[in-house]
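The values are calculated or read from the model by the stated rules, or taken from the named source; none is laboratory data. Computed from a predicted model, the values in this text were never measured in an experiment. Cβ sites come from the backbone with ideal geometry, for glycine too, and all protein chains shown count toward neighbours.
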Ligand code: WQD
């Protein structure tokens with residue numbers, strides 16, 4: 001089956017393209033390189049031994065989407081393409097609502113028009129805010145978003161629910177990611193943060209590579225065992241394989257109108273200091289230089305998944321651990337020079 005992967009040159013998208021091919025699917029990438037680089041396509045080709053059909057375009061171009069659906073015989077879509085910088089989303093809300101929600105609406109309209117039923121939507125654990133209980137299940141109440149970015153994920157899920165609720169012949173799964181980290185073990189693809197990384201692991205690897213003087217740990221006085229925030233860090237290849245499992249679930253689903261959401265995490269929480277300690281263990285270098293600084297606005301204290309539903313519902317379980325992910329992230333960083 002030909003699968004349109006929007007944002008397929010991005011971090012999670014590129015790894016999912018590889019996993020799709022390895023599972024026998026035929027991905028087609030659409031990406032505008034707003035948060036990715038052409039080198040990701042070269043890396044995918046090195047891993048697969050062949051290129052993947054690619055369109056450099058925005059996902060809100062309905063006419064182009066129609067053309068691609070027809071020309072490439074698209075049978076399903078995995079929708080990654082969205083802006084995702086939490087801080088930037090607060091400074092430029094309309095840019096985020098226009099892009100993240102406008103593209104989703106256009107995509108849904110073309111899918112209904114073309115009779116393409118299968119859609120995987122890239123959502124996020126950020127919809128839970130600071131959960132009242134841990135680990136987080138899919139029944140944990142969604143809380144008012146703490147950022148415009150997070151709200152685009154919440155409203156995106158509402159758009160999906162309402163589109164299905166009106167009886168459209170669509171089968172949709174929303175995947176709520178926890179914290180994707182790491183890189184393909186070949187080190188041909190990985191995370192390419194633009195500018196100074198917002199996220200922890202690319203900042204760790206850039207510090208270890210000498211690109212950053214030291215890491216600032218945002219807060220050491222949280223109510224956690226070592227005072228630093230806890231997250232569920234999932235290897236990007238495990239996350240990629242969860243998308244393939246979700247797609248297979250849609251294909252195997254007999255009803256024509258279906259919607260569900262799944263938490264995609266390891267079920268294991270790790271603190272910032274544990275990430276640093278684990279990195280020191282795998283890098284073989286002197287201890288990573290870091291300082292404990294002020295808390296970062298908007299951070300939740302702890303969030304990690306209860307993976308029961310995704311394990312049972314998709315037959316998927318994370319196979320890689322924090323060490324594997326940090327080892328692959330470090331191997332990738334060293335190729336970046
Ligand atoms: C993890 C922990 C920081 C950098 C974000 C988005 C989420 C998703 C994943 C898109 C926190 C601490 C970080 C640093 C630090 N993105 N940290 N020093 O914030 O959990 O999730 O990325 O879907 O939507 O919100 O990830 O990697 O930024 O932070 O101490 O230099 O590392 O305070 O506790 P986060 P993160």
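Observations
- Condition check for residue 191: within 11 Å of the ligand (Cβ to nearest atom) and touching a residue at least 40 places away in the same chain (Cβ under 8 Å): yes
- Any pair with Cβ under 8 angstrom, 6 or more apart, that starts in segment 203-229 at a residue that is more than 17 Å from residue 332 (Cα to Cα) and in a loop (DSSP other than H, G, I, E, B) and ends at one that is near the ligand (Cβ under 10 Å from one of its atoms) and modelled with pLDDT under 95: 219/296; 219/299; 229/299; 229/300
- Applying a threshold of 6 Å to beta carbon distances and a minimum spacing of six or more residues, or different chains, the list of pairs starting in segment 34-46 at a residue that is more than 9 Å from residue 189 (Cα to Cα) and ending at one that is at pLDDT below 95 and buried (at least 18 other Cβ atoms within 10 Å of the Cβ) reads 37/192.
- From the options 145, 187, residue that is modelled with pLDDT under 95, surrounded by fewer than 22 Cβ atoms within 10 Å (Cβ to Cβ) and part of a loop (DSSP other than H, G, I, E, B): 145
- Entirely in segment 1-114, the helices (runs of 4 or more DSSP H) that have 1 or more residues that are modelled with pLDDT under 95 and in contact with a helix residue (DSSP H, G or I) (Cβ under 7 Å, 6 or more places away or on another chain): 86-91
- For residue 198, the requirement of being closer than 30 Å to residue 258 by Cβ, within 12 Å of the ligand (Cβ to nearest atom) and either buried (at least 22 other Cβ atoms within 10 Å of the Cβ) or touching a residue at least 24 places away in the same chain (Cβ under 8 Å) (or both) is not met.
- In segment 274-288, the condition of being in contact (Cβ under 8 Å) with a residue 60 or more places away in the chain, farther than 25 Å from residue 122 by Cα and part of a loop (DSSP other than H, G, I, E, B) is met by at least one residue.
- Assessment of segment 118-128 against the conditions (more than 16 Å from the ligand (Cβ to nearest atom) and buried (at least 16 other Cβ atoms within 10 Å of the Cβ)) yields at least one matching residue.
- Boolean, residue 236 is under 30 Å from residue 258 (Cα atoms), modelled with pLDDT of 95 or more, more than 13 Å from the ligand (Cβ to nearest atom) and buried (at least 19 other Cβ atoms within 10 Å of the Cβ): no
One line per residue, one yes/no per condition, for (1) under 20 Å from the mean Cα position of the chain (by Cα); (2) modelled with pLDDT of 95 or more; (3) crowded, with 17+ Cβ neighbours inside 10 Å:
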{"site": "212", "(1), (2), (3)": "no, yes, yes"}
{"site": "265", "(1), (2), (3)": "yes, yes, yes"}
{"site": "275", "(1), (2), (3)": "yes, yes, yes"}
{"site": "284", "(1), (2), (3)": "no, no, no"}
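- Among the numbered conditions (1) touching a strand residue (DSSP E or B) at 6+ places or on another chain (Cβ under 8 Å); (2) farther than 24 Å from residue 256 by Cα; (3) surrounded by fewer than 23 Cβ atoms within 10 Å (Cβ to Cβ), the only one that residue 206 does not meet is (1).
- Residue within segment 76-89 that is away from the ligand (no atom under 16 Å from the Cβ) and surrounded by 14 or more Cβ atoms within 10 Å (Cβ to Cβ) present: yes
- Qualifying residue in segment 243-251 (condition: near the ligand (Cβ under 10 Å from one of its atoms), surrounded by fewer than 21 Cβ atoms within 10 Å (Cβ to Cβ) and either part of a helix (DSSP H, G or I) or touching a residue at least 24 places away in the same chain (Cβ under 8 Å) (or both)): no
- Positions within segment 295-305 being near the ligand (Cβ under 8 Å from one of its atoms) and either touching a helix residue (DSSP H, G or I) at 6+ places or on another chain (Cβ under 9 Å) or not in a loop (DSSP other than H, G, I, E, B) (or both), in sequence order: 298, 300, 303
- Taken together, the criteria exclude residue 292 from residues that are over 28 Å from residue 117 (Cα atoms), touching a helix residue (DSSP H, G or I) at 6+ places or on another chain (Cβ under 8 Å) and either within 11 Å of the ligand (Cβ to nearest atom) or in contact (Cβ under 8 Å) with a residue 40 or more places away in the chain (or both).
- Just one of the listed residues (173, 159) is away from the ligand (no atom under 16 Å from the Cβ), under 20 Å from the mean Cα position of the chain (by Cα) and over 25 Å from residue 268 (Cβ atoms), and it is 159.
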